[in-house]
Every structure is written in C-alpha cells, then in structure tokens.
Amino acid sequence: MHIPSKYSPGDIEKRWYSHWMEKGYFHSEPDNREPYTIVIPPPNVTGVLHMGHILNNTIQDILVRKARMEGKNAEWLPGTDHASIATEARVVASLRGKGIHKFDLTRDEFLQHAWEWKEKHGGIILEQLKKLGASCDWERTCFTMDPALYESVIEVFIDFYKKGLIYRGVRMVNWDPKALTALSDEEVIYKEVNSRLYYIKYFLEDSPEEFITIATTRPETILGDTAVCVNPNDPRYQHLKGKKVLVPLVNRPVPVIEDEYVDMEFGTGCLKITPAHDINDYEIGRKYKLDSIDIFNDNGTLSEKAILYIGEDRFVVREKITAELNQKGHMAKVEDYLNKVGYSERTDEVIEPKLSLQWFLKMDVLAKPALDAVMNEKVKFYPAKVKNTYRHWMENVRDWCISRQLWWGHRIPAYYMPDGEVIVARSQDEAWQIAKKKHQLSDLKKEDLVQDEDVLDTWFSSWLWPISVFDGIRHPDNKDINYYYPTNDLVTAPEILFFWVARMIMAGLEYRKEIPFRNVYFTGIVRDKLGRKMSKSLGNSPDPLVLMDHFGADGVRIGMLFMSPAGNDLLFDESLCEQGRNFSNKIWNALRLVKNWQVDDQLSPSESNQVAGRWFDNKMNHVLGQIEDHFTKFRISDALMAAYKLTWDEFCSWYLEMIKPEYHKPIDRETYDRTVYFFETLMRMLHPFMPFITEEIWHLLNERGEGEDIIVAPYPVAGNFDEGLLKHFDMEREVIIAVRNERLNKKIPQKDKIRLLVKKNSGQQPNTYFDCIVRKMGNLDELSYVDEKIEGAASFIVGSTEFYIPLENESIDIEAEIAKLENELEYAKGFLTSVMVKLNNERFIISAPAKVIELERKKQADAEARIRVIEAQIAALKS
C-alpha cells in the first residue's frame, strides 16, 4: 500500500465529506435507539463564516460525532435565521445600488426582492460549515421563515394574545434611527464614551435676573423639556416651590416640581424633565401628568415640535444649539464627562429613547419558571458562573417589545377595523369572519380590515427554534417532537444568554411543559492577540476558509480548541492552527512508520515489546477515563489535550520508539497487530476532534468492508488500568531521559553501548519490570544493581536511587558534578518546604481527604530520602 510522504488535507477532506453525505451518516429518523439532539444556533441568513462560528460549530460537531460513535441516534439540526434588521438593511442597500428606494415599492414587491436576495446569498454560511466537517443533518435544514415555522410563530402570537400576555400600548422604547425600528432592551449595547456635560441656565419666569443651572449631556433635548425637577429635601431650591422657569431659546414656561428621585449630589441637583426622550423622565412625566413633546423624527432629525432646527440631524443640532446657548448667555460651563451611551446591536447607531405605539409581551409570568429551571439545575450552565448573570436578568426582567417597523419578517397577525378595534387572527379572511360574528356587521367588507404593518422581533421566532424545527407548535404530538425533544446540549455564546437561551427555556416550559435542553455550554468570545473583539472594521479577523486551505480543517479545529476553555474569552493565535497541522503531520508520519515495517509471522515478541504493550494499554485506558470525565464536565479543551498528549507523547514519542525494530529488521506479528489496534483506538478517540485525517488513516490501517467507516465505529471505552505500573514507568522514563542527557553532556554517541549501574537506597528493593525497556532505549549492554558507589563514573539521581555510567579513559569534572548536585539539592529542599507548608497547616490537615494527606506525607518522605542521597554524594565528591 502506497502512503504519500506528506499529508495533503484538501482532496482528502472533500472525498470523505462527500462519502459521509452519500452514505447518509448525518441523517436521523426516530427509532428505538437513545436520541442525542443538538439544534444549531441559527446563523443570520446574511452571514458568512467567522472565527466565532468555527469555535461554536467545532464544539457542536465534536459532541455529535462522539454521540454517534456511542451508538446514539445523533441529530444535529442546522438552519438559518431570517435576521429582520440585518437582512432588510442588506436588501435596501442592494436596491439602492440599482437606483431603487424601498418606499418606491409596495410591500409585496419589496418582499419579492428580499426572497430573491435570500435565495442567492442565504445558504453561503451553511456550505462553508461543510468545509469545516460539520456533520449536520442537512436534509432537515430549516429557515425561520419556512412555512411551518412561520405558522408556528403566528400561532404563538395568537395564543399569548388570547391569554392576555400580549398587549399594544404607547411606551418608551429603544429607537434605532438608522434601521427605523424599535429594539428590545437586550438589543442595546452600552459603551463608555467621552462625552461632555453642559451646564445650562434656566431663568425664572417671574424673576428674569434669577436662574437655576441644570447639567445635561444632551443639550438638543431641552427643546422637549416640560418641567424641571428638584429634590424636596434640597435646601438650595426651597424658594423655587410652585415657580416656573423658561426653557432656553424657546422661552416655554415649565413648572418646577419636587421628587426624591433627583440625586442632590449629581450635577447641580436640578434635573430637566423630557418625558418623550428619557425613560426615567417618562416615568416622572406619567407620575406628575406632564406634557410630552416628541422633538425627533424617526430618522433622528428634529421635528416641527422642536420649533428650532427643524429637519436637521440630532448631532448637528447638538453643536449648533451649544453655540447658540453660549451666545445668548445660557451656557454656564462645559465639562468633559465619561458616560455610557446605548448603541444598536445591529447597526451600531446611537439609540434614541422614544415614545412609540408598540406590541409587548408580558415577561414576569414566563420568567419565574425559567429562572427556577436554571437555579435548580434542571438546565445546567457551563461554566456555572453564568447562572449569576442569568438570575440577575430574570429577576429584573421587563416586558419585551416584540414589534419591529420592518417589512422582512413575520408580520404581526393583527387586523384593524375602521373604528380602530384590533382583531388578532391567522389571516385577513379569519379576522373578517371573527369581526362580522363579534359585532354583527354583515355589511363589513374583508378589505375594510387592514393588517398591522409591523413584523415581530427576530428573536420571537428564534425562541421557538428547538420546538418549531420539529413542528411541535402546530403538531404537538408528532413523532419527531416526541423523540428529539428535549434536546441534549446547546452550544452558544454568552452574549445571547438573554436574547435566546433564557427565552427558549421560557417557550419550552410554556409549550412543552419541559426544558428545551439539559446542558448549555457557553463559548468564549474570540479576540485578537491584543484582546480586541474580532471585526471587519478593525481588520483583525482572519478568513476561516483561508485558514482551512492553509492548515486543513482538522488543523483549524484543533487550533481553536487549544485556546478555548469554557466561558472564557480566547486570544486567537494562528500559530495554534499551525500546531494543529503539525499534529496531523505527526500522526501521518507515525502511520508511515508503522505501515513500512516488515512483519515476520514466525518471530516471537521480545520481552521489551510485551512490556511496552502492557504499559501502553494501561496508559491508554487511564487517559480514556480522563477524557470521558472531561466530556461529562464539558471540559472539551481538556479532553482534546489529554487525547493529544496520549497520541503525540505516549504513543508516537515513547511506545513506537520502544517497539521499533532495528534497521532493516522485521517486527513480530503479535506486536504489530497490537500496535495497529492501539493506532485504531487512538483514531477512534480522536475522530470527533479531527474527523478527516482519522477517517483516512482508519482505512489505511486495515482493509474495511462496506459501511465500516470510523464515523460510525464504536467510541473507545476506558478499561481497567494498573496505577502502580504507570507510576513505575514514569520513574523509569526519568531514568531513560537522564541517560540520554548524560550521553549528550559526555558526547557519547547513541550508537555506542554503555553500562548503567544502579544503587538503591533507603532499604528499597529493585523492581526490574521495565529494565528491558531501559536497556533498549538507553542502548545499554549492561544494567545491573550495586551496593556501593562507583568511583570515576558519571552519575545522576532519580527519586532516591543513584545511577552510575562508568566512563572509559575519561576523567570526571568534580567541580561540575558538585555544582549539578547542589542545584538538585536546592530544588529538592524547596520542594520539601512547599510540602511542609501544607502539612503544617492545621486547616489543611482537618479538611483535606485522608488520601490527599497520605500523598503529601509520601512526597515528604521521598523528598527527605532524595536529599539524604544527594548530600551523601556531595560529601563523597568533596572528600
């Protein structure tokens, strides 16, 4: 069998992915096996693959592939989100490039363009995930505006409306002047910015010489002021009770009101009240029945109600009004000020608080059971610290603004009668029938009913995702929803904890009376080496497709996991992808080494080969147990690192060296077959992490029949292991390394055989089990045990055992040997001190398990024995 000298991932990855697809390995149907289900966090239909997607989907694929190999019926359901704001913005920009403006089109004409754009661009990211190796059930791919999912969203709206949880009202909302839509609180990102605090004089109406000074960061909003508020306990303003002041520039008289809400220490202790443009002012306005003057148009320009600067942008007006206030004697001073400003999560536009007629969903009744599910660990978070953030939000949840002033999305199923009454129904026809029956209006025409222009918040469809993808809203007892729900694990980003995770738990408990998933794994945010979030604008985000072309998909997957502890942000370093590629090359070279050996069926295995086999079998079982433990705790990176070290360090660097036959000599059949078995087990262990190279090597290691692919081979299960044997070899490993170091220091070629004499101390008896390995790997022609120190020999110490290498015709550098031993003595004493700190700590002795204390006492005894041996050697050299 010809195996290329170099591993070339490109063609191999395409070939195996096509093979897996053709065999239908990714597809699932309900059967009698245990299901394992993950639903993909649906990427925006506008999206292309970025590094966050690589991390998130690599982890999902690892979990799914492992479950598939464990014999579970694995279902990883993919799909995309219609992303109302982002998609509509892309379509509007595309039309603008053709000279077409949105409002020159009818709604239906615009939606036709939007669907065409979606069909052309919407599947890009899913195709890119295939290059990563994502083993999604592509036959079940969903889109949040597919007919079944669309109908599910409408059904839920109608149901909540009937339950009295959805209502329509004028409220203060977060308004995005760029997207021209309201946003929920969770779609607002607060950033610290360098602002200015403007101190403005408001003159009293009945005393033109007298004024009060008010501090604000938004001087343009004074045009909407309808009151000034002071704290009733503030002695500075007692004389203003019942008075009025004039709003600068427009000279509108407004009352001075009193409320303990005002912080006497902030600014001047006087607060301007602008009910239409500040949430706190809005609440005060409601409390004191103040007028509300909306001075902004939807696009952030000033309206006619502002009286001044009509039609000009709010930030342009800020500069102009500052100058005019200064010119007319109203500006007391201006200070630099650091404050937090809300930005649209989608458009990065500064949010404008605005009174608006919107649809809302009451959240308090939904939040309580969803909070309990997480705090009682029915749903487990990894890392657990996210629970605190979740609890804080759920205990302070506000009603969800669910309407958006867009055309692309799920249109709100509300129809308005000529008198303004609302009928909520699935269609205009159904609304017409309801209206006629309810109001006995036989002459009412269907076209008299006008549907609400708004669409629902994108998250109002996404929160149903684990249910709607299995059609569990429309058909709550179908076989798919009953089999696949609840799903097992969710892998997502912490920044959508409230947008998505919390709401999915609410929806699951409301419509299935059951949690939607059992575990939530939160990935970190991928940042560059400077700690900055990756973004196109900064130019610091590498193209994942270019990385995969350069390092292979397996290399990139491994590289991302090397830096991704659960829940912690990770600093992307391309060198780790290179390390991933190097790992692929290491395994490939190991394959070439093994497959190039000549096998002699008549040859009996040597003692060293048998010992090596027993050691590696124990080591492999030990590590497989560790890996399984890491998986149960969602320590995916730790699981990979354990698998990586077992393969690279223990198998490639140690085991293969132990059994490697001499040059041009054959290997015995038993050892060879055992080695192939080990290799196959390692590939099965690594397959979830590195699907492509493991499938290739699996087929190169042995002839395989139809369907005997590694993707469906059993995942290795840990067996028993001898811990004492592993500890014994760890000491012998130190001996082999020390022998090699002495060869290097004394310039003794590896091909030259040497003698190794061993002196046991502290009453220890020799354990010769691994002597055959030490002989082979140290290239020794003698390994024997002595009772006395050997003069004129190079020496080293492992534990408390002394080792001597007699040197022919060569003198020992006494000073160098003493210096080396003194360094070892210093280290040993430092180690003993650290152990004694623990053992002298009363709290440690009381609280630590007996096994831990026993281990520390053994460390103490070993260190003390080693110190005695080193001190004796130093004394002998000095005598």
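The values are calculated or read from the model by the stated rules, or taken from the named source; none is laboratory data. If you're wondering where the values come from, they're calculated on a predicted model, not measured in any experiment. For neighbour counting, all protein chains shown are included, and Cβ atoms are generated from backbone atoms with ideal geometry for every residue, glycine included. Note: areas computed on protein heavy atoms with side chains; ligands, DNA, RNA excluded. Shrake-Rupley method; radii C 1.70, N 1.55, O 1.52, S 1.80 Å.
Per-structure values
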{"quantity": "Residues located in region 765-790, provided they are open to solvent by 50 Å² or more (accessible area, probe 1.4 Å) and farther than 14 Å from R755 by Cα", "calculated": "Q765, P766, N767, T768, Y769, D787, E788, K789"}
{"quantity": "Qualifying residue in region 463-471 (condition: farther than 23 Å from S403 by Cα, buried (at least 23 other Cβ atoms within 10 Å of the Cβ) and of a type outside the set (A, V, I, L, M))", "calculated": "yes"}
{"quantity": "First in region 103-132 and closer than 17 Å to N57 by Cβ, second anywhere and at pLDDT below 95, Cβ under 6 Å, 6 or more apart", "calculated": "I124/V48; I125/P43; I125/G47; I125/V48; I125/L49; Q128/L49"}
{"quantity": "Given (1) over 30 Å from I295 (Cα atoms); (2) in a strand (DSSP E or B), index of the condition W359 fails", "calculated": "(1)"}
{"quantity": "Check on I310, farther than 23 Å from T213 by Cα and either at pLDDT 95 or above or among the aromatic types (F, W, Y) (or both)", "calculated": "yes"}
{"quantity": "Answer from W400, W393 - the residue that is touching a helix residue (DSSP H, G or I) at 6+ places or on another chain (Cβ under 6 Å) and open to solvent by less than 60 Å² (accessible area, probe 1.4 Å)", "calculated": "W393"}
{"quantity": "Count of residues meeting criterion [open to solvent by 60 Å² or more (accessible area, probe 1.4 Å) and in contact with a Leu (Cβ under 8 Å, 6 or more places away or on another chain)] in region 76-107", "calculated": "1"}
{"quantity": "Qualifying residue in region 242-249 (condition: in contact with a strand residue (DSSP E or B) (Cβ under 7 Å, 6 or more places away or on another chain) and farther than 29 Å from G329 by Cα)", "calculated": "no"}
{"quantity": "Residues satisfying the stated conditions in region 483-520, i.e. touching a strand residue (DSSP E or B) at 6+ places or on another chain (Cβ under 7 Å), open to solvent by 30 Å² or more (accessible area, probe 1.4 Å) and in a helix (DSSP H, G or I)", "calculated": "Y483, P494"}
{"quantity": "Checklist (1) among the hydrophobic types (A, V, I, L, M, F, W, C); (2) out of contact with any Ser or Thr (no Cβ under 6 Å at 6 or more places or on another chain); (3) open to solvent by less than 40 Å² (accessible area, probe 1.4 Å) applied to L357, failing item", "calculated": "(3)"}
{"quantity": "Residue pairs meeting the criteria (Cβ under 8 Å; at least 6 apart or on separate chains; first farther than 19 Å from V611 by Cα and at pLDDT below 95, in region 767-790; second in a helix (DSSP H, G or I) and not hydroxyl-bearing (S, T, Y))", "calculated": "K789/Q873; K789/A876"}
{"quantity": "Neighbours by Cβ (under 6 Å, 6+ apart or cross-chain): first from region 617-641, under 17 Å from A384 (Cβ atoms); second open to solvent by 60 Å² or more (accessible area, probe 1.4 Å) and of a type in the set (D, E, K, R)", "calculated": "H630/D638"}
{"quantity": "Residue within region 161-169 that is touching a helix residue (DSSP H, G or I) at 6+ places or on another chain (Cβ under 7 Å), part of a strand (DSSP E or B) and under 30 Å from L366 (Cα atoms) present", "calculated": "yes"}
{"quantity": "Unmet criterion (only one of (1) in contact (Cβ under 8 Å) with a residue 40 or more places away in the chain; (2) open to solvent by 20 Å² or more (accessible area, probe 1.4 Å); (3) under 52 Å from the mean Cα position of the chain (by Cα)) for K759", "calculated": "(3)"}
{"quantity": "Every residue from region 67-91 that is at pLDDT 95 or above, in a helix (DSSP H, G or I) and in contact with a strand residue (DSSP E or B) (Cβ under 9 Å, 6 or more places away or on another chain)", "calculated": "A67, R68"}
{"quantity": "Region 395-415 residues that are without any contact (Cβ under 8 Å) to a residue 40 or more places away in the chain, paired with ones that are surrounded by fewer than 23 Cβ atoms within 10 Å (Cβ to Cβ) and of a type in the set (V, I, T) (beta carbon under 6 Å, 6 or more apart)", "calculated": "Y415/I423"}
{"quantity": "Hits in region 442-482 (condition: under 17 Å from Q428 (Cα atoms) and assigned to a strand (DSSP E or B))", "calculated": "V450, Q451, V455"}
{"quantity": "Filter result for E856 (acidic (D, E), open to solvent by less than 40 Å² (accessible area, probe 1.4 Å) and modelled with pLDDT of 90 or more)", "calculated": "no"}
{"quantity": "Scope region 623-647; condition open to solvent by less than 60 Å² (accessible area, probe 1.4 Å) and either aromatic (F, W, Y) or not in a helix (DSSP H, G or I) (or both); matching residues", "calculated": "F631, F634, Y644"}
{"quantity": "Unique match (being farther than 24 Å from G555 by Cα and buried (at least 23 other Cβ atoms within 10 Å of the Cβ)) among T37, T46", "calculated": "T37"}
{"quantity": "Lone unmet requirement of (1) assigned to a helix (DSSP H, G or I); (2) surrounded by fewer than 18 Cβ atoms within 10 Å (Cβ to Cβ) for M683", "calculated": "(2)"}
{"quantity": "Verdict on V317 being out of contact with any strand residue (DSSP E or B) (no Cβ under 9 Å at 6 or more places or on another chain), hydrophobic (A, V, I, L, M, F, W, C) and not in a strand (DSSP E or B)", "calculated": "no"}
{"quantity": "Count of residues meeting criterion [modelled with pLDDT of 85 or more and surrounded by fewer than 12 Cβ atoms within 10 Å (Cβ to Cβ)] in region 533-557", "calculated": "1"}
{"quantity": "Any hit, region 694-704, residues being more than 20 Å from G625 (Cα to Cα) and among the polar types (S, T, N, Q)", "calculated": "yes"}
{"quantity": "Residue satisfying condition, being modelled with pLDDT of 95 or more, of a type in the set (D, E, K, R), touching an Asp or Glu at 6+ places or on another chain (Cβ under 6 Å) and surrounded by fewer than 18 Cβ atoms within 10 Å (Cβ to Cβ), within set K362, K340", "calculated": "K362"}
{"quantity": "Residue that is farthest from S292 (Cα to Cα) [pool: residues in region 223-280 that are open to solvent by less than 20 Å² (accessible area, probe 1.4 Å), part of a strand (DSSP E or B) and of a type outside the set (A, V, I, L, M)]", "calculated": "C270"}
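Listed here are the residues, each with its yes/no results for (1) assigned to a helix (DSSP H, G or I); (2) in contact with a Ser or Thr (Cβ under 9 Å, 6 or more places away or on another chain).
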position: D673; (1), (2): yes, no
position: F679; (1), (2): yes, no
position: I711; (1), (2): yes, yes
position: A718; (1), (2): no, no
position: F721; (1), (2): no, no
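Residue-by-condition table, conditions (1) open to solvent by less than 60 Å² (accessible area, probe 1.4 Å); (2) in contact with a helix residue (DSSP H, G or I) (Cβ under 9 Å, 6 or more places away or on another chain); (3) touching a residue at least 12 places away in the same chain (Cβ under 8 Å):
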residue: K287; (1), (2), (3): no, no, yes
residue: D291; (1), (2), (3): no, yes, yes
residue: L302; (1), (2), (3): yes, yes, yes
residue: K305; (1), (2), (3): no, yes, yes
residue: Y309; (1), (2), (3): yes, yes, yes
residue: T322; (1), (2), (3): yes, yes, yes
residue: N326; (1), (2), (3): no, no, no
